[in-house]
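The values are calculated or read from the model by the stated rules, or taken from the named source; none is laboratory data. Because the structure is a prediction, the values reported are computed rather than measured. In this analysis, Cβ positions are derived from the backbone assuming ideal geometry, glycine residues included, and neighbour counts consider all displayed protein chains.
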Amino acid sequence: MRVVLVGAPGAGKGTQAKFISQHFAIPSISTGEMFRANLAAETELGKAAKRYMDAGDLVPDEVTIGIVSDRLVQRDTGNGFLLDGFPRTPPQAEALSKLLADRGTPLDVVLELQVDSNEVVRRLSGRRTCRTCEHVWHLDFDPPREPGTCDVDGGELFQRDDDLPETILRRLDVYAEQTAPLVDYYRDAGLLQSITAQGEVDEITQLAIEALESALRR
Ligand code: AP5
């Protein structure tokens, strides 16, 4: 199954991507995570992406399309993939469509996670990530037993630089301007499934799996 997950910052894409990719046994590919990994490794790509990410802006299309194109030729994508956070602009959507058409493997479904903006701000301002295992926690919704420490491996928890209040607002504006139009684009293409992504994480996972399975049966 080839699927794109779309939704505002903090809609829960990363949280749900983990469960969906396990359920369907496909790799989850997050452009945000790829950029953060490059940042941590201090690569040229990471250094170039940092100033856009810190400002809440999108990394330029040619860079982003390049890393996704390289990733999608890897063997583990043979049975499908889940893209989390890509495409985010019309040129990225066009590039993905062309890449997949050239391979004869078009997208099966685009799943939209719908969350209101107050919830998004609450989720992003309370998000904390483990520095070593990268497990994502939330101060209110899913707090670790020991404040500041990951339950999984005892690692230190940190707040992402782009989860500071002014950057969250900028990311929401960027989403509305540049990414939200893709929802109509994929609806027109007959690929869109939308679910409400507020409530308990496992209930949303269930809804997501049902929506994807129903799309595959069409
Ligand atoms: P990216 O990492 O993709 O960030 P994002 O889209 O802003 O999404 P987030 O990771 O912030 O949120 P999420 O939806 O994954 O939510 P999560 O599951 O963590 O991108 C970062 C940056 O990289 C971009 O700003 C851009 O600069 C660059 N970039 C990336 N892709 C790009 C592209 N294609 N083009 C150009 N630039 C690109 O959940 C959030 C919190 O809520 C967590 O604490 C979680 O525990 C909690 N939570 C989740 N679900 C629930 C629930 N149901 N109830 C309560 N809490 C919940």
Screening 100, 107 for residues that are closer than 19 Å to residue 28 by Cα, in contact with a Pro (Cβ under 7 Å, 6 or more places away or on another chain) and either aromatic (Phe, Trp, Tyr) or not in a strand (DSSP E or B) (or both) leaves only 100
When every residue in the range 170-186 that is surrounded by 14 or more Cβ atoms within 10 Å (Cβ to Cβ) and over 14 Å from residue 113 (Cα atoms) is compared, the one farthest from the ligand (Cβ to nearest atom) is 185
Counting only residues in the range 46-61 that are more than 9 Å from the ligand (Cβ to nearest atom) and over 21 Å from residue 165 (Cα atoms), the one nearest to the chain's Cα centre (by Cα) is identified as 46
Condition set more than 11 Å from the ligand (Cβ to nearest atom) and either in a strand (DSSP E or B) or polar (S, T, N, Q) (or both), scope the range 194-217, selection surrounded by the fewest Cβ atoms within 10 Å (Cβ to Cβ): answer is 214
Only one of 15, 43, 64 is under 19 Å from residue 131 (Cα atoms) and within 11 Å of the ligand (Cβ to nearest atom), namely 15
Practice problem: For residue 80, state whether it is more than 8 Å from the ligand (Cβ to nearest atom) and of a type outside the set (A, V, I, L, M). | Solution: yes
Of those in the range 199-217 that are without any contact (Cβ under 8 Å) to a residue 60 or more places away in the chain and more than 19 Å from the chain's Cα centre (by Cα), the residue farthest from residue 116 (Cα to Cα) is 217
Hey, residue 129 within 13 Å of the ligand (Cβ to nearest atom) and in a strand (DSSP E or B) or not: yes
* **Test: residue 22 is closer than 26 Å to residue 213 by Cα, free of Cβ contacts under 8 Å to residues at least 60 places away in the same chain and in a helix (DSSP H, G or I)** => yes
Reported set for the range 132-174 where residues are of a type in the set (A, V, I, L, M, F, W, C) and assigned to a loop (DSSP other than H, G, I, E, B) is 133, 139, 141, 150, 152, 164
Looking across the range 94-139 at residues that are touching a His at 6+ places or on another chain (Cβ under 9 Å) and of a type outside the set (Lys, Arg), the single one that is nearest to residue 156 (Cα to Cα) is 129
Exactly one of 94, 62, 42 is surrounded by fewer than 20 Cβ atoms within 10 Å (Cβ to Cβ), without any contact (Cβ under 8 Å) to a residue 24 or more places away in the chain and assigned to a loop (DSSP other than H, G, I, E, B), and that residue is 42
Those residues of the range 45-59 which are crowded, with 20+ Cβ neighbours inside 10 Å and either modelled with pLDDT under 95 or part of a helix (DSSP H, G or I) (or both) amount to 49, 53
Scanning the range 18-40 residue by residue, the ones that are within 13 Å of the ligand (Cβ to nearest atom) and of a type in the set (A, V, I, L, M) total 5
Within the range 143-169, the residues that are within 9 Å of the ligand (Cβ to nearest atom) and within 18 Å of residue 118 (Cα to Cα) are 162, 163, 167, 168
